[in-house]
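Undergrad: If you scroll down you'll find the structure; I have some questions about it.
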Amino acid sequence: MAINQISHNITPGKVSSVFGASENGSPAPLVPRTGQPETARRSQDPGNTPDRRQPAPQTDTTPASSASGFTTAERLLLAELKKADTQVRQHEMAHVTAGAGVVTSGASFSYKRGPDGRNYAVAGEVSIDTAPVPGDPQATIRKMRQVKTAALAPASPSSQDLKVASRATAMAAKAASELMVLQARERAAANDSRAFGSSQNVSDSYTRVNTLPESDTHTFDLAV
């Protein structure tokens, strides 16, 4: 039995957060140290007050997070994982639904753990029987049509799906050629039977002719 896997794989985009950087991705500005005395410059006029500089506001370098506790990058990654999980499951279910009779196992999945601790399907596969039916080209043709239907059932078949469908088409064509030869032989045998009768009848007729006396053989010009 030939078993092929028709599979689907989605790789979520890599989304990473940069810790210690500003929200736009550029390095966080250095924050002046505060609490230390600064030298005040005075003009020649003793009535002027010292020039006191105000410290620059500090920049928050921690990653932005939502009320759910996830950073922006984590929320983007979660959205991609959820989308991939839905697509992969729908893809494999299409194979199973369309492959009744040729699918040999349920869908199996590969998972990726998300920032929320849950597992999301990012790849899947279904095993399908692509072996021809021994001695029955007509049944092989029907089976290969079913295999092709199952392989191309998803809205977006994968490269492996297309390979399985292509192989099923080739095997169906080969079985059709074998069926034509078989049917031609059957027609030829039927024609021979109508023209000369069965081989057993022909043999019996010759046997009767050979057992007749020599003087009476002229009564049998043709025995069929």
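Undergrad: Note the full-extension length gain between S156 and Q5 as 0.36 nm times their separation in residues minus their Cα-Cα distance, in nm to one decimal.
TA: 52.8 nm
Undergrad: Per residue of the stretch 133-143, in order, report the coupling 6.51 cos²θ - 1.76 cosθ + 1.60 (Karplus, θ = phi - 60°) as ³J(HN,Hα) in whole Hz, putting x for Gly and Pro.
TA: Listing the rounded values in order: 7, x, x, 9, x, 5, 5, 5, 4, 4, 5 Hz.
Undergrad: Also: What list of ³J(HN,Hα) couplings, whole Hz, do you get for the stretch 117-125 from phi and the Karplus terms 6.51, -1.76, 1.60, once you set θ to phi - 60° and write x for glycine and proline?
TA: Calculated HN-Hα couplings, in order: x, 8, 9, 10, 5, 10, 7, x, 8 Hz.
Undergrad: I want to check the label-to-label distance for S166 and Q138. Put each point 7 Å from Cα in the C-beta direction and report it in nm to one decimal.
TA: Placing both labels 7 Å along Cα→Cβ, they lie 3.2 nm apart.
Undergrad: Say each of V181 and T104 gets a label point 7 Å from the Cα, pointing the same way as Cα to Cβ; how far apart are those two points in nm?
TA: Result: 2.6 nm between the two label points.
Undergrad: Let me ask something else. Identify all lysines with a Cα-Cα distance to K163 below 24 Å; exclude those on the same chain that are fewer than 8 residues away in sequence.
TA: In chain and number order, the partners are K143, K148, K174.
Undergrad: Further question on the same structure: Modelling each spin label as a point 7 Å along the Cα-to-Cβ direction, I'd like the R145/S193 distance in nm, to one decimal.
TA: The answer from the label model is 2.7 nm.
Undergrad: Quick one: which residues, 5 or more positions from S110 or on another chain, have an amide H under 5 Å from its amide H? H modelled 1.01 Å from N in the peptide plane, none for Pro or chain starts.
TA: For S110, the qualifying residues are V122, A123, G124.
Undergrad: In square nanometres, what is the average projected area of the Cα convex hull of the stretch 83-132?
TA: Convex hull of Cα atoms, orientation-averaged projection: 3.6 nm².
Undergrad: With θ taken as phi - 60° and the coefficients 6.51, -1.76 and 1.60, list the Karplus ³J(HN,Hα) couplings across the stretch 160-169 in order, rounded to whole Hz; mark glycine and proline as x.
TA: 5, 4, 5, 5, 5, 5, 5, 5, 4, 5
Undergrad: Let me ask something additional. To make sure I understand the rule: partners must be lysines, Cα under 18 Å from the Cα of K83, and not fewer than 8 residues away in the same chain. Which ones qualify?
TA: Within the straight-line cut-off, K83 pairs with K14, K112.
Read-outs throughout are calculated quantities, based only on the coordinates presented, and are distinct from any laboratory measurement. Values in this document were obtained by computation on a predicted structure and should not be read as measured data. Here the Cβ is made from the backbone with ideal geometry for all residues, glycine too, and neighbour counts use every protein chain on show.
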